[in-house]
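Asker: This is the structure I have questions about; it appears just below.
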Amino acid sequence: MNQFRHPRLSVKLGLVVLAVVAGALGIVYAAVVPRLEARLVADRLDELAISAPAVASQFREADPFNYDARARQVQENLGARVTVIRSLGNDAYVPVADSNDIVAPGVLNDPVVRAAFESLEVERGQVDRDGDRAEVAVPFNPNMVVLLSASLRDTLASVRLVERTLILAGIAALLIAWFAGSLAALRLTHRIQRLEEAAGRIAAGDFEQEIVDPVEDEVGELARAFERMRLRLAHLDRARREFIANASHELRTPLFSLGGFLELMADEDVDPAVRKDFVEEMSSQVTRLTRLATDLLDLTRLDAGQLSVEQAEVDVAESARTVCEEFRARAEAGEHDLSADLDGPVLALADEQRVLQVARILVENATRHTPAGTSVVVSAGDRNGSVALSVTDDGPGVPESDQKHLFERFYRAEGGQASGSGLGLAIASELAGRMGGSIELESRPGETVFSLLLPAADDVFTSKRR
Ligand SMILES: Nc1ncnc2c1ncn2[C@@H]1O[C@H](COP(=O)(O)OP(=O)(O)OP(=O)(O)O)[C@@H](O)[C@H]1O
Ligand SMILES: [Mg+2]
């Protein structure tokens, strides 16, 4: 079906070009030919009319017996046939003299002669008698008229030549226009067809082939937009595959370990103390799995835009205090010195539950990825017009080369103290983004600060009030 649809478009475009050129040629023809003819005939008539009064006075003064000789003389000067006609009254006329000896047939019914006898003025006109003729009739006394009549054959032949040339040139122009129009249209439809094929490939999930159209026009623009779309989709597709591969890998590890413990526990001879250890280990693996499932769900919701984030006034200092309390026991168990450095309320425009979630991720990391004996301080305050919730530790820090990747999904710095899934900071940074903020990291050996930056509440309220 495609093969038929595309040529149809090119045929349509070719026909449009053809119609436009034909129309333009028609207008040129209609404007040139009749005007040229009228102009040339009027020029010939003017020539005769200008000499008419002088001719009339020559005949007025001439001897009637010499009219023939006079007529021949005038013909020689003017290049027009000269006939002298007398009116007999009652619309009857008789030729008196003619420069050609034989009076032309039909001269007695000539409308220009008749008009001149009626008006007794110089009359002019184009008459189709003995071929086309330009005629001027001039009365030189009440019943005598001199008729000057010039052939228009050459003039009209020139006009016909122009007409023929125009028609031939027109046909040639039409053929060229149709050919060129169809060619251009075919090229265009070919480019559109290539885009259609590319769209088909993308729809089928093939993002490999580059879409190139270097021409600087709308179709070229469309192709470049397609290319941007292809790259974006390819990136998303790669990210999706990586995500699924990483997620399955992360899920498999604890499941594998759980399977191993179950097998060992099936053995009835297991010592109760060892069995207790197994159960504890299994319980920690289940916790890890639950945590992983929650994180994956959060990320999926974030990707799908289904995670709602409220915008309300949140006391970030209060959130910091809460999280500190939550982690106190765990920090002590890990021999970490966890403390809060907080003054009065610090108000941000954010979602309280999400602020707590981010703070937990940061505090957990600071107590988990640092050696025993590290102190961790949670603080809240203003920073450059924003609100910052910071978690500072005096651990070994994050190597420079890892810092820019830390917020990627499943990324873990090498040689870390503990093994996580590498999702915590990715979720934290997305949540911060959703709340209109960000996560900042400053790290060197001995001091690492992760800060959640949020829009200050009074800032937003004052700007709204304004
Ligand atoms: N305070 C810190 N000091 C040193 N390294 C850190 C610190 N916080 C994070 N990291 C490094 O950043 C990595 C990524 O942290 P992230 O929270 O994203 O994942 P994770 O803690 O490994 O796993 P989980 O998904 O369970 O949180 C960690 O693996 C760790 O190597
Ligand atoms: Mg973490």
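The values are calculated or read from the model by the stated rules, or taken from the named source; none is laboratory data. Every value quoted in this text rests on a predicted model; they were computed, and no experiment measured them. Here the Cβ positions follow ideal geometry from the backbone for every residue, glycine too, while neighbour counts run over all protein chains shown. Heads up: the accessible areas ignore ligands, DNA and RNA and are worked out on the full protein's heavy atoms, side chains in. Shrake-Rupley method; radii C 1.70, N 1.55, O 1.52, S 1.80 Å.
Asker: Cβ under 11 Å from Ala432's Cβ, Ala432 left aside: what net charge do those residues give with Lys, Arg +1 and Asp, Glu -1? Before the final figure, lay out the partial values.
Answerer: On the way: positive: Arg354, Arg434; negative: Asp351, Glu430, Glu440.
Counting the neighbours of Ala432, the net charge comes to -1.
Asker: Amide H neighbours of Ala80 under 5 Å, counting only residues 5+ apart in sequence or on other chains, H built in-plane at 1.01 Å?
Answerer: So Ala80 has HN proximity to no qualifying residue.
Asker: What are the GluC sites (Glu not before Pro) within region 332-371 that DSSP puts in a loop, where the Cβ has at most 14 other Cβ atoms within 10 Å?
Answerer: When the GluC sites (Glu not before Pro) of region 332-371 are filtered for loop state and at most 14 Cβ neighbours within 10 Å, Glu335 remain.
Asker: What does the C-alpha gyration tensor say about the overall shape of region 224-311? Classify as rounded when a/c is under 1.5, otherwise prolate if a/b is larger than b/c, or oblate. Present the calculation step by step, with values, prior to reporting the outcome.
Answerer: Working: a/c = 7.14, a/b = 2.48, b/c = 2.88.
Oblate.
Asker: Round to the nearest 10 and give me the degree value, 0 to 90, for the angle of helix 316-333's Cα axis relative to the longest principal axis of the chain.
Answerer: The angle comes out at about 40 degrees.
Asker: A further question follows. Output the 0 to 90 degree angle, nearest 10, between the alpha-carbon long axis of helix 67-78 and the longest principal axis computed from the alpha carbons of the chain.
Answerer: 30
Asker: Here's something else I'd like to know. Express as a percent, rounded to the nearest 5, the fraction of DSSP beta bridges in region 251-404 (both residues included) that run antiparallel.
Answerer: Here the share of antiparallel DSSP bridges comes out near 70 percent.
Asker: Here is a follow-up. Show me, for region 382-394, the HN-Hα J-couplings you get by feeding each phi into the Karplus relation (A = 6.51, B = -1.76, C = 1.60, θ = phi - 60°), rounded to Hz, glycine and proline as x.
Answerer: 3J(HN,Hα) across region 382-394, in whole Hz: 7, 9, 6, x, 9, 10, 10, 10, 10, 10, 10, 10, 9.
Asker: Quote to one decimal, in nm, the extra length available between Ala92 and Arg201 on full extension: 0.36 nm per residue of separation minus the C-alpha distance between them. Before the final figure, lay out each step's value.
Answerer: Values: separation 109, 0.36 × 109 = 39.24 nm, distance 9.33 nm.
So the chain would gain 29.9 nm between Ala92 and Arg201.
Asker: Another question, then. Measure nothing but the geometry: give the 0 to 90° angle between the long axis through the Cα atoms of 424-434 and the longest principal axis through the Cα atoms of the chain, rounded to 10°.
Answerer: 50
Asker: Leaving ligands, DNA and RNA out of it, rank Met265, Met229 by accessible area with a 1.4 Å probe, largest first.
Answerer: Met229, Met265
Asker: Turning to a different aspect of this structure: Among Leu236, Ala331, Gly446, which residue has its Cα furthest toward the positive end of the charge dipole of the chain, with +1 on Lys/Arg Cβ and -1 on Asp/Glu Cβ?
Answerer: Leu236
Asker: In addition: Compare the Cα positions of Val84, Ala150, Pro105 along the charge dipole of region 79-170 (+1 at Cβ of Lys, Arg; -1 at Cβ of Asp, Glu; about the Cα centre) and return the one farthest towards the positive end.
Answerer: Toward the positive end, the furthest listed residue is Ala150.
Asker: When the accessible area of region 54-145 is split by element with a 1.4 Å probe, what percent falls to carbon and sulfur?
Answerer: That fraction is 45 percent.
Asker: Calculate the dipole size of the chain relative to its Cα centre from +1 charges on Lys and Arg beta carbons and -1 charges on Asp and Glu beta carbons; express the result in debye to the nearest 20.
Answerer: Values: 50 positive and 73 negative charges, 523 e Å.
Dipole size: approximately 2520 debye.
Asker: Indicate, rounded to the nearest 5 percent, the antiparallel portion of the DSSP beta bridges found entirely in region 333-389. Walk me through the numbers on the way to the answer.
Answerer: Details: 4 of 9 bridges.
Once the DSSP bridges in region 333-389 are tallied, antiparallel ones form about 45 percent.
Asker: Select from region 245-327 those GluC sites (Glu not before Pro) which occupy a DSSP coil region and have at most 15 other Cβ atoms within 10 Å, ordered by residue number.
Answerer: Qualifying residues, ordered by number: Glu268, Glu310.
Asker: What accessible area per residue comes out for the chain, rounded to a whole number of Å², with a 1.4 Å probe? Provide the component values of the computation, followed by the final result.
Answerer: Details: 26710 Å² over 466 residues.
Result: 57 Å² per residue.
Asker: Could you pull out the chymotrypsin sites (Phe, Trp or Tyr not before Pro) across region 124-184 that fall in loop regions by DSSP (anything but H, G, I, E, B) with no more than 16 other Cβ atoms inside 10 Å?
Answerer: Here no loop site has a sparse enough neighbourhood.
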